[in-house]
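Student: There's a structure below that I have some questions on.
The values are calculated or read from the model by the stated rules, or taken from the named source; none is laboratory data. Just so it is clear, the model here is predicted, and its values are computed rather than measured. Reconstructed Cβ throughout: ideal geometry from the backbone, glycine too, with neighbour counts over all protein chains shown.
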Number of protein chains: 2
Amino acid sequence: MSKLLELADVTAPGSASADPACCAPLSGSTFSEAEAAELAKVFKALADPVRLRLLNLIASAEGDEVCVCELNEAFELTAPTISHHLKVLRQAGLIQGERRGTWVYYRIIPQALARLAGLFALPAAPPA
Amino acid sequence: MSKLLELADVTAPGSASADPACCAPLSGSTFSEAEAAELAKVFKALADPVRLRLLNLIASAEGDEVCVCELNEAFELTAPTISHHLKVLRQAGLIQGERRGTWVYYRIIPQALARLAGLFALPAAPPA
């Protein structure tokens with residue numbers, strides 16, 4: 001049967017998504033130091049071109065999920081390197097993986113992306 | 001007269017904002033390596049708790065701008081350290097500063113935040 005990787009091999013799954021305060025927009029109330037530290041971890045996961053491309057491939061996949069076998073083929077990198085980058089994205093709470101048979105299938109965690117979209121949301125046009 | 005700091009002391013102002021392709025959502029078309037590299041730089045600027053708190057203070061400031069003198073007071077850090085973090089945010093194209101008299105006043109660049117919000121925007125609820 002399928003098994004969510006979060007349960008199997010991720011030490012701190014979605015640590016950021018556990019904090020609802022992260023949903024507040026940057027233009028809203030003031031972050032605490034803890035909130036800022038938590039968010040910085042998510043952005044650290046995003047601060048890598050390969051991880052951004054992986055996230056892009058996963059987010060844009062038909063059927064909303066993509067086999068790790070396809071991700072491996074999309075880069076001139078070793079499978080362990082791709083696996084490492086996927087682990088960083090998982091630990092940041094941005095994606096989840098599910099093993100089915102030989103392969104792991106990845107999909108985004110929509111709430112995580114929605115939280116980030118909300119973070120950068122601006123109020124209506126600022127007064128001139 | 002006032003002077004935009006981007007013109008004065010930033011080597012590569014808004015490097016990311018120069019690339020309209022950055023506006024595409026993660027769930028849309030596939031990024032090029034160059035687009036991913038450009039975006040990764042922006043997230044590197046965001047991957048620091050102090051810079052996130054600075055951006056938060058600037059984005060949430062009344063009147064849409066905040067004096068560096070207030071930013072210095074909000075942290076137990078030296079003025080040069082704050083100045084360094086503000087420079088990183090400026091170089092990532094996220095904020096702009098304007099000198100008026102003794103102080104520099106910072107405001108966000110709304111297009112930069114809108115681009116990031118758009119990046120994480122999801123299509124309507126995915127098919128179940």
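Student: Which of the residues spanning the stretch A:60-69 are surrounded by 15 or more Cβ atoms within 10 Å (Cβ to Cβ) and touching a residue at least 12 places away in the same chain (Cβ under 8 Å)?
Tutor: Of everything in the stretch A:60-69, those that are surrounded by 15 or more Cβ atoms within 10 Å (Cβ to Cβ) and touching a residue at least 12 places away in the same chain (Cβ under 8 Å) turn out to be A:Ala61, A:Asp64, A:Glu65, A:Val66, A:Cys67, A:Val68.
Student: Here's another thing I want to ask about it. How about the stretch B:81-114: which of its residues are in a helix (DSSP H, G or I) and either over 17 Å from A:Pro123 (Cβ atoms) or of a type in the set (Phe, Trp, Tyr) (or both)?
Tutor: Of everything in the stretch B:81-114, those that are in a helix (DSSP H, G or I) and either over 17 Å from A:Pro123 (Cβ atoms) or of a type in the set (Phe, Trp, Tyr) (or both) turn out to be B:Thr81, B:Ile82, B:Ser83, B:His84, B:His85, B:Leu86, B:Lys87, B:Val88, B:Leu89, B:Arg90, B:Gln91.
Student: Could you grab me the full set of residues in the stretch B:115-128 that are free of Cβ contacts under 8 Å to residues at least 60 places away in the same chain and surrounded by fewer than 16 Cβ atoms within 10 Å (Cβ to Cβ)?
Tutor: B:Ala124, B:Ala125, B:Pro126, B:Pro127, B:Ala128
Student: Something else: Do any residues in the stretch A:97-112 that are in contact (Cβ under 8 Å) with a residue 12 or more places away in the chain and surrounded by fewer than 22 Cβ atoms within 10 Å (Cβ to Cβ) have Cβ atoms under 8 Å from those of residues that are of a type in the set (D, E, K, R) and assigned to a helix (DSSP H, G or I), where the two are at least six apart or on different chains, and which pairs are they?
Tutor: Pairs that qualify, where the first residue is in contact (Cβ under 8 Å) with a residue 12 or more places away in the chain and surrounded by fewer than 22 Cβ atoms within 10 Å (Cβ to Cβ) and the partner is of a type in the set (D, E, K, R) and assigned to a helix (DSSP H, G or I), are A:Arg107/A:Asp64.
Student: Looking at the stretch B:32-56, I want the residues that are closer than 17 Å to A:Ala24 by Cα and have a partner that is of a type in the set (S, T, N, Q) with Cβ atoms under 7 Å, at least 6 apart or on another chain. Which pairs are those?
Tutor: Matching pairs, first to second residue: B:Asn56/A:Thr30.
Student: So, one more: Within the bounds of the stretch B:78-86, is there any residue that is surrounded by 16 or more Cβ atoms within 10 Å (Cβ to Cβ), within 14 Å of chain A (Cβ to nearest Cβ) and in contact with a strand residue (DSSP E or B) (Cβ under 7 Å, 6 or more places away or on another chain)?
Tutor: No.
Student: Residues that are over 17 Å from the mean Cα position of the chain (by Cα): find the helices (runs of 4 or more DSSP H) completely inside the stretch A:18-80 holding 2 or more of those.
Tutor: Filter on the stretch A:18-80 gives A:33-46, A:68-74.
Student: Evaluate the stretch A:92-99: report whether one residue or more is of a type in the set (Asp, Glu) and within 12 Å of another protein chain (Cβ to nearest Cβ).
Tutor: No, the stretch A:92-99 contains no residue that is of a type in the set (Asp, Glu) and within 12 Å of another protein chain (Cβ to nearest Cβ).
Student: Look at A:Glu70 and say whether it is farther than 19 Å from B:Phe31 by Cα and at pLDDT 95 or above.
Tutor: Considered against the rule, which asks whether it is farther than 19 Å from B:Phe31 by Cα and at pLDDT 95 or above, A:Glu70 comes out as no.
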